[in-house]
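Single-structure report; data block below.
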Amino acid sequence: YGFDRGDEVIKFLGAIVADVAHEHAGEPGIAGHLGGDDFVIISSTDSFRDVCEHLIERFDRGISNFYDD
């Protein structure tokens, strides 16, 4: 799919990471982008499972938009 499509997917993932961290990570929830396709979410130990589940669900729901028929 090329560099441009890959860049779009990274931006898509970054938006999801930021939203999920804000909505589900609790205190001290924070999202970070280390570079390229490397992201991190710092969350409380009580919320990490919720963070992971929401992140995976949102990614799975939207990733098909980046594939050609």
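The values are calculated or read from the model by the stated rules, or taken from the named source; none is laboratory data. Computed from a predicted structure; not experimentally measured. FYI the Cβ positions are ideal-geometry reconstructions off the backbone, even for glycines, and counts take in every protein chain you see. Quick note on the areas: whole protein, heavy atoms, side chains included, nothing else; ligands and nucleic acids left out. Shrake-Rupley method; radii C 1.70, N 1.55, O 1.52, S 1.80 Å.
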(message) So the check is Cβ under 8 Å with 6+ separation or different chains; which pairs have a first residue in the stretch 19-31 that's at pLDDT 90 or above and a second one that's exposed (fewer than 13 other Cβ atoms within 10 Å of the Cβ) and not in a helix (DSSP H, G or I)?
(response) Ala31/Val40
(message) Of the conditions (1) part of a strand (DSSP E or B); (2) modelled with pLDDT of 95 or more, Leu34 satisfies every one except a single condition; which number is it?
(response) (2)
(request) Please tell me if Val51 is open to solvent by less than 40 Å² (accessible area, probe 1.4 Å) and of a type outside the set (D, E, K, R). (result) yes
(request) Specify which of the listed residues (Ile63, Ile56) is open to solvent by 90 Å² or more (accessible area, probe 1.4 Å) and aliphatic (A, V, I, L, M). (result) Ile56
(message) Would you confirm, using the coordinates I've provided, whether Ile42 is among the β-branched types (Val, Ile, Thr), at pLDDT 95 or above, surrounded by 10 or more Cβ atoms within 10 Å (Cβ to Cβ) and out of contact with any helix residue (DSSP H, G or I) (no Cβ under 6 Å at 6 or more places or on another chain)?
(response) no
(message) Given (1) open to solvent by less than 60 Å² (accessible area, probe 1.4 Å); (2) in contact with a Ser or Thr (Cβ under 8 Å, 6 or more places away or on another chain), identify the lone condition not met by Pro28.
(response) (1)
